[in-house]
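First up is the structure itself, then whatever we jot down about it.
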Amino acid sequence: MNKITFKISLLFAPLAYAFHHCEESIIFNFRAWRSLYFPDNKLPSTELMIVILMAISLVYIILHFIVQNRASAQSVIIFLMATQVNNTIFHTGGTIVFQDFSPGLITAILLYIPVNIIIAQKALQEGWISKRSLIVLFLLGGIIFWSFVKLGLFLMVTVLLISYLWIAYETFRIKRAPKIIQ
């Protein structure tokens, strides 16, 4: 595990999406379950969601590989907190509250949680985040996820744009900062 860096650990997230959506749409039928308990919630198809989630996560990962700053690290973490960790809470809570297995629960528990623990551990070890900021990122991820569930894609798109602007700002701010000569 010592050879796995924060950057490398991020690559596990898109793989986890793939297996999770396989469980939701190929092995089981998450759409039918969701329609049964959330009939008014009209989200994109499972197929479109996996494309969106994988594309966004890969953009964040590529950005972090290129710019390697706190904004890029924390942006990818908050995205994963919203789309994977809080998704696990959704599947677990749905299974408990409705006493009906929520398709996606198995991979959420067996993949999303371990993958995000590894990502968080590597981010902490490499100094991208502190324990306190990890808690804040988790809470913000929860707000984003639950707003997405309630309001749809608008907030998610807004957060994406703000985070990309933050990454760009931090990248140019750091490059323009005067070098201290010792």
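A short reminder: the numbers here are calculations on the coordinates, not readings from a lab. Note that the coordinates shown come from a computational prediction; the quantities given were computed from them, not determined experimentally. Every residue, glycine among them, receives a Cβ derived from its backbone with ideal geometry; neighbour counts consider all protein chains shown.
Overview of values
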read-out	value
Count of region 116-131 residues which are surrounded by 21 or more Cβ atoms within 10 Å (Cβ to Cβ) and in a helix (DSSP H, G or I)	4
Test: residue in region 45-59 that is closer than 22 Å to PHE138 by Cβ and either basic (Lys, Arg) or touching a residue at least 60 places away in the same chain (Cβ under 8 Å) (or both)	yes
Residue check, SER147 in contact with a Leu (Cβ under 7 Å, 6 or more places away or on another chain) and of a type in the set (Gly, Ala, Ser)	yes
Lone unmet requirement of (1) part of a loop (DSSP other than H, G, I, E, B); (2) surrounded by 15 or more Cβ atoms within 10 Å (Cβ to Cβ) for HIS20	(1)
Candidates ILE62, ILE113, ILE96, ILE50 - the one that is within 14 Å of the chain's Cα centre (by Cα), surrounded by fewer than 18 Cβ atoms within 10 Å (Cβ to Cβ) and assigned to a helix (DSSP H, G or I)	ILE113
SER35 of a type in the set (Gly, Ala, Ser), buried (at least 18 other Cβ atoms within 10 Å of the Cβ) and in a helix (DSSP H, G or I)	no
Among (1) of a type outside the set (Phe, Trp, Tyr); (2) assigned to a loop (DSSP other than H, G, I, E, B); (3) closer than 20 Å to ALA16 by Cβ, the one test that LEU137 misses	(2)
Inter-residue pairs, beta-carbon under 6 Å, first surrounded by 15 or more Cβ atoms within 10 Å (Cβ to Cβ) and in region 132-146, second among the small types (Gly, Ala, Ser) and assigned to a helix (DSSP H, G or I), 6+ apart	LEU134/ALA120; GLY141/ALA82; ILE144/ALA82; PHE145/ALA82
Residue list for region 74-91, restricted to those being among the aromatic types (Phe, Trp, Tyr) and under 14 Å from LEU105 (Cβ atoms)	PHE90
Matching residues in region 24-74 - criterion: being under 18 Å from VAL159 (Cβ atoms) and among the charged types (D, E, K, R)	ARG70
Failed condition for ALA73, given (1) surrounded by 21 or more Cβ atoms within 10 Å (Cβ to Cβ); (2) under 11 Å from the mean Cα position of the chain (by Cα)	(2)
